[in-house]
Amino acid sequence: MGLNVEAFASADSFLRREHYDGVGCIVLDVRMPGLSGMDLQVELSRADYSMPIIFITGHGNIPMSVQAMKKGAVNFLAKPFDDEELLQAVREAIEKDRSVKAERAKVHDIRRRIDMLTPREHEILRHVITGMLNKQIALKLDIAEKTVKIHRGRVMEKLSVNSVAELVRLAEKAGIEPPEYK
């Protein structure tokens with residue numbers, strides 16, 4: 001099927017493996033030697049290992065599948081299952097992982113650019129995303145309007161945005177909050 005696969009004899013042998021940062025998914029049986037698939041899911045969650053998990057089992061039940069899905073599993077297949085059903089679940093999980101990693105890379109790039117801002121530029125950014133005009137920001141910060149305009153221009157340039165709308169979306173992705181006014 002053109003997929004690169006690694007097999008492990010147990011959850012412990014998987015945990016000893018070097019962390020894989022590529023795109024993929026993990027197919028786990030609920031019952032495995034040593035740690036169960038459900039226990040491995042908990043361990044991976046604690047370790048912030050976010051690769052999508054597909055469970056397969058001949059011993060599952062509805063509460064078990066609900067628990068696995070609530071903890072982040074992307075699918076729970078009961079044995080016997082059709083090969084195509086598993087392949088489709090794997091394709092979907094890989095696509096989900098690809099999307100998540102691409103979004104993470106975008107956020108990382110945004111944060112890298114935000115880290116290039118000076119403290120004053122960061123302060124101006126937080127005010128601009130509220131929709132305030134330069135003169136309103138200048139009044140609020142007790143600085144000249146021209147100073148706000150210069151810093152605002154640098155913020156737009158450093159963050160590679162052309163509009164306030166783009167700046168707002170970028171700030172949202174980076175988790176930047178507007179200032180609280182009293």
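Things worth noting here:
- Placing a pseudo-label 7 Å from each Cα along the Cα-to-Cβ vector at Arg169 and Tyr20 gives an inter-label distance of 3.3 nm.
- Computed from point charges on the beta carbon alone (+1 for Lys and Arg, -1 for Asp and Glu), the dipole magnitude for the range 116-174 about its Cα centre is near 60 Debye.
- The range 11-100: radius of gyration and largest Cα-Cα distance (Dmax), Å: 12.5, 33
- Phi angles of the range 108-119 translate, via the Karplus equation with coefficients 6.51, -1.76, 1.60 and θ = phi - 60°, into HN-Hα couplings of 4, 5, 4, 5, 4, 5, 5, 5, 7, 6, 6, x Hz per residue; Gly and Pro are given as x.
- For the chain, with +1 on Lys and Arg beta carbons and -1 on Asp and Glu, the positive-most of Met32, Val148, Ile114 along the dipole: Val148
- Neighbour-count ranking [beta-carbon atoms within 10 angstrom, fewest first] of Tyr49, Tyr181, Tyr20: Tyr181, Tyr20, Tyr49
- Rg to Rh quotient for the chain, alpha carbon positions, Kirkwood Rh: 1.19
- Under the Karplus curve 6.51 cos²θ - 1.76 cosθ + 1.60, θ = phi - 60°, whole-Hz ³J(HN,Hα) for the range 23-31, x wherever Gly or Pro sits: 7, x, 8, 10, 9, 10, 8, 5, 9
- With only the Cα atoms considered, the range 5-63 has a convex hull volume of 94 Å³ per residue.
- Cα-based reach from Lys173 at 18 Å (exclusive), listing lysines while leaving out same-chain residues under 8 positions away: Lys101, Lys106, Lys158
- Dividing the C-alpha radius of gyration of the range 116-174 by 2.2 N^0.38 Å, with N its residue count, gives 1.01.
- Residues with amide H under 5 Å from that of Asp29, placed H, sequence gap 5 or more: Ile56
- The phi torsions of the range 76-90, fed into the Karplus equation with coefficients 6.51, -1.76 and 1.60 and a -60° offset, translate into couplings of 9, 9, 8, 6, x, 10, 6, 3, 5, 5, 5, 4, 5, 4, 5 Hz, rounded to whole numbers, with Gly and Pro shown as x.
- Inter-probe distance in nm under a simple model that places probes 7 Å from Cα toward Cβ, at Ala102 and Leu141: 3.5
Each reported figure results from applying straightforward, stated rules to the coordinates on display, with no laboratory input. This is a predicted model, so every value here is computed, not measured. Cβ coordinates were reconstructed from backbone atoms using ideal geometry, including for glycine residues, and neighbour counts include every protein chain displayed.
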